[in-house]
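No value in this document is a laboratory result; all are computed from the given coordinates. Everything numeric here is computed off the predicted structure, so don't read it as measured data. Reconstructed Cβ throughout: ideal geometry from the backbone, glycine too, with neighbour counts over all protein chains shown.
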Amino acid sequence: GTTLGASAAESGRYFGTAVAANKLSDSTYVGILNREFDMVTAENEMKMDATEPNQNQFSFGNGDRIVNHARNQGKRVRGHALAWHSQQPGWMQNMSGTALRNAMLNHVTQVATYYKGKIYAWDVVNEAYADGSSGGRRDSNLQRTGNDWIEAAFRAARAADPNAKLCYNDYNTDNWSHAKTQGVYRMVQDFKSRGVPIDCVGFQAHFNSGNPVPSNYHTTLQNFADLGVDVQITELDIEGSGSTQAQQYQGVVQACLAVTRCTGITVWGIRDSDSWRSSGTPLLFDGSGNKKAAYTSVLNAL
Ligand code: XIL
């Protein structure tokens, strides 16, 4: 193939990017988006604060702009994210107990119902595990409603949109030997054994010198896939430049392609200037929209 999406499709996979609604009027940005990618994730527009700014008053305008652009271009959409400790609307941030649990479940139900039939996969729960060596859950207002909040969110999402794949998504879960990876693995294993509806695990894959692409990445992806879930690389970016960065991107693509159930890769932005990172050049296109060495190595690896 001559584009990322077409090349990924040759092995039945997708290649996606995060999209910001306020950049859909930038012709360079949209040109690359339309040409290269066949899956889209809203960078912020489908998060809790964006979609429910006031309790039980939903706001889908910017999410719709992205979903409609994608679908009009024949691209699919990953929904991101139904329940998360971060980017909660102000009204939710200080809630607790049963009121918060019910508000979270209502949010999952309302948003997944609104987008029913338009979403390939939802990140139902994002970033619920703690960093460091505990291997346990992150403390958050949602976690304090009870350890079963994650499975409750998955059950609500399944009821609302039975055809969307339901994913758990997190960062720093790439290295098989890390406690956080093991913690998420045990949760997915438990969910599968008890019939909690989970279909996929997303690996954000934000890499930098402190968190490099691990040499055992293929092992991690394969071990999760062997639990009976799809795996996806959901927010890929890699700090660096030139051939070093290109090689690291190649390694990530190769790790995914070596796992039958690794169904696709999404990069977290198009040009370096679109990155959420405050500095650096972590993406596949430079600030002018030119293809970088990393782009070529990804295309050749697909
Ligand atoms: C980031 C967006 O890219 C930024 O624009 C926003 O200010 C903060 O969130 N993990 C996730 C994504 O799951 O939603 C985050 O996106 C990056 C880290």
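Asp139 meets each of the listed conditions (1) among the charged types (D, E, K, R); (2) under 20 Å from the mean Cα position of the chain (by Cα); (3) farther than 26 Å from Arg13 by Cβ; (4) away from the ligand (no atom under 16 Å from the Cβ) apart from (2). Of the residues making up the range 66-91, those that are within 16 Å of the ligand (Cβ to nearest atom), surrounded by 17 or more Cβ atoms within 10 Å (Cβ to Cβ) and not β-branched (Val, Ile, Thr) are Arg78, Gly79, His80, Ala81, Leu82, Ala83, Trp84, His85, Gln88, Pro89.
Residues that are assigned to a loop (DSSP other than H, G, I, E, B) and either more than 16 Å from the ligand (Cβ to nearest atom) or at positive phi (or both) were ranked within the range 244-280; the one that is surrounded by the most Cβ atoms within 10 Å (Cβ to Cβ) is Gly269.
Select, from Val188, Val201, Val196, Val124, the only residue that is part of a strand (DSSP E or B), among the hydrophobic types (A, V, I, L, M, F, W, C) and more than 21 Å from Val252 (Cα to Cα). After ruling out the rest, the residue left standing is Val124. A single entry from Asn62, Asn102 fulfils the requirement of being within 16 Å of the ligand (Cβ to nearest atom) and either of a type in the set (Lys, Arg) or part of a helix (DSSP H, G or I) (or both): Asn62.
Count of the range 33-51 residues, restricted to those that are surrounded by fewer than 22 Cβ atoms within 10 Å (Cβ to Cβ), more than 18 Å from Val124 (Cβ to Cβ) and not charged (D, E, K, R), is 2. Determine whether the range 45-58 contains at least one residue that is of a type in the set (A, V, I, L, M, F, W, C), within 16 Å of the ligand (Cβ to nearest atom) and touching a strand residue (DSSP E or B) at 6+ places or on another chain (Cβ under 7 Å). There is at least one residue in the range 45-58 that is of a type in the set (A, V, I, L, M, F, W, C), within 16 Å of the ligand (Cβ to nearest atom) and touching a strand residue (DSSP E or B) at 6+ places or on another chain (Cβ under 7 Å).
All conditions in (1) without any contact (Cβ under 8 Å) to a residue 40 or more places away in the chain; (2) in a loop (DSSP other than H, G, I, E, B); (3) over 13 Å from Asp174 (Cβ atoms) hold for Ser215, with the sole exception of (3).
From the residues in the range 169-186 that are of a type in the set (Ser, Thr, Tyr) and in contact with a helix residue (DSSP H, G or I) (Cβ under 8 Å, 6 or more places away or on another chain), which one is nearest to the ligand (Cβ to nearest atom)?
Restricting attention to the range 169-186, the residues satisfying the condition of being of a type in the set (Ser, Thr, Tyr) are 171, 173, 177, 181, 185.
Adding the requirement that they be in contact with a helix residue (DSSP H, G or I) (Cβ under 8 Å, 6 or more places away or on another chain) leaves 173, 181, 185.
Numbers: Thr173: 12, Thr181: 16, Tyr185: 19 Å.
Only one residue fits best here, namely Thr173.
I'm checking my understanding of the structure. Among residues of the range 6-29 that are away from the ligand (no atom under 16 Å from the Cβ), in contact (Cβ under 8 Å) with a residue 40 or more places away in the chain and outside any loop (DSSP other than H, G, I, E, B), which one is farthest from the chain's Cα centre (by Cα)? Applying the filter and picking the extreme gives Thr28. Of everything listed in (1) away from the ligand (no atom under 16 Å from the Cβ); (2) under 23 Å from Tyr129 (Cβ atoms); (3) without any contact (Cβ under 8 Å) to a residue 40 or more places away in the chain; (4) touching a Ser or Thr at 6+ places or on another chain (Cβ under 9 Å), the single unmet condition for Val201 is (1).
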